[in-house]
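The values are calculated or read from the model by the stated rules, or taken from the named source; none is laboratory data. Only a predicted model underlies this, so the values are computations on that prediction, with no experimental measurement involved. Cβ coordinates were reconstructed from backbone atoms using ideal geometry, including for glycine residues, and neighbour counts include every protein chain displayed. Accessible surface is based on the protein model in full, side chains and every heavy atom, while ligands, DNA and RNA are left aside. Shrake-Rupley method; radii C 1.70, N 1.55, O 1.52, S 1.80 Å.
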Amino acid sequence: MLSTIKRSLPLQLLTAAILAWVFATIIPAVANITEPVTEQTWYQLILLGKTTYIGLLKMVIGFVVMLSLMQGITNIGSTLKLKTLGVSTLIFYSLTSIIAISLGLGAALLMPEWQPLVEPVTVSDNIKLIEQGAVTGSTITTKLLAMALVNPFSALVNGNLLAIVLFSLLFSVSLLLSLPQKHVVFDVIAGLNTGMNKLVQGIIRLAPIAVFAIVFEFTVTGNTGLFGQLALFALLVFVLTLIHGVIVLPTLAKIFTGIKFSTLFKAISAPLAMAFATSSSSATLPLSMQAAEKDLGVSQSTSSFVLPLGAVMNMDGTALFEGVAAIFLAQLFGIDLSTTGIIMIFIMAMVSSVGAPGMPSGSMSGMQLVMLAAGIPLEGIAILLIIERPLDTFRTAVNVEGDLIAALVVDKWQQNKG
């Protein structure tokens, strides 16, 4: 049994989560602690596992995205092949996002209407709301461009993945156009990426320790009881996210590649577990690339292009959540959505999910844009924040699953074209 756990990262993550829950449940009860658990020295030491792992990933993630994309693009060998790979990726990402949003909006509109609020909602002072005039197409475009068009070194420092992806794409295409295929620069990029992957593999070995710390903290601080009066809404989002992740995405993978459900989920179980624990698609990216190449058989050139791109612009779970949440909040505030309002929610849910930070609660600024498009008061963001964090874990797992299946499908398409 121990040898099986030692060889399987998903089992290690599951074991760490179960042990963390058991210890967090038992220790406060039997230790006769008078002060809050969160103030204990041993509790802070446990959390060092989370801090260390997430910190190490933040330290390297920008370089992982940049070097992976650059090697993936330069390995393609020609701008014509790059064009076909890019178009295939965007087509599949758009398809899954459209299905996710349609699923969320359709189910939310078919549900009995939520009862309007009786008391006004107040927003905490530490929550920054977007200005009411920020919903026009020009301001949204300006916002995305402002995020993307920055100094690449600044982007690396600040973890701005959208800017890193754009720079990597432009610079790699320039190298392809200006240098012969066997140039030493491409060997340097490949060597740096190999070294970075080796470093990431070492960091991934700490994942069970991080999951133990995260689940321990989650259990001790009582975050599992956040649902309250929003239990039905949370349940609806959870069920829809589950349908998209367990039925829709695997069915698309089956249709386009013929892979069995059992084979698929066995291959992607470790990245999904990590995404669930960390609520961060960016933090899961190195593990996703490892699973895609070793367990799904995706080519290195495809995975190193599709997966970093997906961590920035493919957010199925986020788009689904934003669509359902917009309908929910509109009904709470007594707003009668017209056909135009629903279409605006659909469009904005797709647009705002692109470039959303792949970190915990990174979608809240995008959610505000969706609310503005539908004429929903931004005070409603305070309602979502009550249950946003626990739901974020599920939708992040679906985001990562969508990226992995996209890599599998696009790689199959590329093989067929070749």
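Of all residues in the range 287-296, those satisfying the criterion of being of a type outside the set (Lys, Arg), open to solvent by 10 Å² or more (accessible area, probe 1.4 Å) and either assigned to a helix (DSSP H, G or I) or free of Cβ contacts under 8 Å to residues at least 40 places away in the same chain (or both) are Met289, Gln290, Glu293, Asp295. I'd like to check something: does the range 229-237 contain any residue that is modelled with pLDDT of 80 or more, open to solvent by 40 Å² or more (accessible area, probe 1.4 Å) and in a helix (DSSP H, G or I)? Yes, some residue in the range 229-237 is modelled with pLDDT of 80 or more, open to solvent by 40 Å² or more (accessible area, probe 1.4 Å) and in a helix (DSSP H, G or I). Of all the criteria given as (1) touching a residue at least 12 places away in the same chain (Cβ under 8 Å); (2) open to solvent by 40 Å² or more (accessible area, probe 1.4 Å); (3) farther than 28 Å from Ser68 by Cα; (4) not polar (S, T, N, Q), the one not satisfied by Leu329 is (2). Among the conditions (1) of a type outside the set (Val, Ile, Thr); (2) at pLDDT 75 or above; (3) crowded, with 24+ Cβ neighbours inside 10 Å, the only one that Met344 does not satisfy is (3). No other residue among Leu337, Leu391 is open to solvent by 30 Å² or more (accessible area, probe 1.4 Å), out of contact with any Cys (no Cβ under 8 Å at 6 or more places or on another chain) and modelled with pLDDT of 75 or more apart from Leu337.
Here Phe212, Phe216 are screened, and the one residue that is aromatic (Phe, Trp, Tyr) and touching a Gly at 6+ places or on another chain (Cβ under 8 Å) is Phe212.
Scanning the range 287-307 for residues that are over 20 Å from Thr74 (Cβ atoms) and within 19 Å of the chain's Cα centre (by Cα) yields Leu287, Ser288, Gln290, Ala291.
For the range 243-286, a residue qualifies if it is more than 16 Å from the chain's Cα centre (by Cα), in a helix (DSSP H, G or I) and in contact (Cβ under 8 Å) with a residue 12 or more places away in the chain, and the qualifying residues are Ile243, Val248, Pro250, Leu252, Ala253, Phe256, Thr257, Leu264, Phe265, Lys266, Ala267. Is there a residue being at pLDDT 70 or above, among the hydrophobic types (A, V, I, L, M, F, W, C), closer than 29 Å to Lys198 by Cα and open to solvent by less than 80 Å² (accessible area, probe 1.4 Å) anywhere in the range 27-49? Scanning the range 27-49 turns up at least one residue that is at pLDDT 70 or above, among the hydrophobic types (A, V, I, L, M, F, W, C), closer than 29 Å to Lys198 by Cα and open to solvent by less than 80 Å² (accessible area, probe 1.4 Å). Restricting attention to the range 52-72 and to residues that are closer than 17 Å to Ser280 by Cα and of a type in the set (Ser, Thr, Tyr), the residue that is least open to solvent (accessible area, probe 1.4 Å) turns out to be Tyr53.
Screening the candidates Ala146, Ala163 for the property of being over 18 Å from Leu82 (Cα atoms) and modelled with pLDDT of 80 or more yields one hit, Ala163. Among the residues of the range 319-326, is there at least one that is in a helix (DSSP H, G or I), open to solvent by 10 Å² or more (accessible area, probe 1.4 Å), out of contact with any Phe, Trp or Tyr (no Cβ under 9 Å at 6 or more places or on another chain) and under 24 Å from Gly104 (Cα atoms)? Within the range 319-326 (the criterion being in a helix (DSSP H, G or I), open to solvent by 10 Å² or more (accessible area, probe 1.4 Å), out of contact with any Phe, Trp or Tyr (no Cβ under 9 Å at 6 or more places or on another chain) and under 24 Å from Gly104 (Cα atoms)), the answer is no, since none of the residues qualifies. Condition first: in a helix (DSSP H, G or I) and among the charged types (D, E, K, R). Now tell me which residues in the range 185-218 satisfy that. Answer for the range 185-218, where residues must be in a helix (DSSP H, G or I) and among the charged types (D, E, K, R): Asp187, Lys198, Glu217.
In the set Ser94, Ser68, which member is assigned to a helix (DSSP H, G or I) and modelled with pLDDT of 80 or more? Exactly one residue qualifies, and that residue is Ser94.
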